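Worksheet: one structure, shown below.
The values are calculated or read from the model by the stated rules, or taken from the named source; none is laboratory data. Just so it is clear, the model here is predicted, and its values are computed rather than measured. No Cβ is skipped: glycine too gets one built from the backbone with ideal geometry, and neighbour counts run over all protein chains shown. Accessible surface areas use protein heavy atoms only, side chains included; no ligands, DNA or RNA. Shrake-Rupley method; radii C 1.70, N 1.55, O 1.52, S 1.80 Å.
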Amino acid sequence: SDQWRLVRTLRAREPGPVWNCDGERKSRWLIARGGIPASHIVDASLVPFLPNEHVIDRLLRLAALTPPAFESRCAPAQIDPSLSVPPLVVQDGDRREADAWLERHGLQGKPLVLIQAGNKRTTRWWRPRHRETNTKYWPEARWAQVIDAIAALETQAEILLCGVASESNLNRAILRHVQTQRARDAAGDLPL
């Protein structure tokens with residue numbers, strides 16, 4: 001139903017540029033079903049990663065591109081070279097809510113490391129995580145090794161395993177393998 005809604009929305013909108021940020025064939029197919037001509041699209045599959053490039057930096061380069069149909073109407077986008085990661089703006093109400101959560105959990109003022117091990121493919125409860133078709137699966141024991149290595153490097157940091165509520169099972173499975181006492185499951189406890 002999400003895909004149908006996307007196609008309906010694309011068909012109903014005025015002609016304009018579209019950025020396909022994942023560059024996958026399925027996304028291209030949905031955009032085409034939405035009636036968007038190829039000349040209106042910037043596709044991530046045409047923007048390869050540079051050596052050692054962070055995904056955010058690649059997406060910034062993608063966002064700076066203009067679809068061919070609009071190049072004559074738009075000045076090229078300029079990206080501030082000193083800005084390698086977009087700024088994160090936190091609203092006052094969100095900051096108060098975060099501070100209250102941190103205080104409730106005894107984390108106020110402590111350095112935090114956030115890890116999200118789960119993903120949509122890995123957390124579907126009716127399917128095994130380690131199935132062959134789940135290309136995003138990484139063994140729980142490996143995640144635990146990473147967490148323990150981080151704990152050894154960041155000796156004051158608390159490590160929070162994040163995610164939606166359905167990711168809590170994966171987080172708890174990972175935590176059964178960790179040595180550090182400074183890691184905990186926060187999946188489902190946070191609004192994002």
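A few notes on this one:
- 3J(HN,Hα) from dihedral phi, region 43-48, Karplus parametrisation 6.51/-1.76/1.60, rounded to Hz, x for glycine, proline: 10, 4, 5, 8, 10, x
- Residues with amide H under 5 Å from that of GLY188, placed H, sequence gap 5 or more: GLY163, VAL164, ALA165
- Environment charge at ILE36 (Cβ cut-off 10 Å; Lys +1, Arg +1, Asp -1, Glu -1): +4
- Amide H contacts for ILE159 (H built 1.01 Å from N in the peptide plane; partners 5 or more residues away or on another chain; cut-off under 5 Å): VAL113, ALA183, ARG184.
- Measuring only protein heavy atoms, the 1.4 Å probe finds ASP22 accessible over about 80 Å².
- Amide H contacts for VAL42 (H built 1.01 Å from N in the peptide plane; partners 5 or more residues away or on another chain; cut-off under 5 Å): VAL18, TRP19, ASN20.
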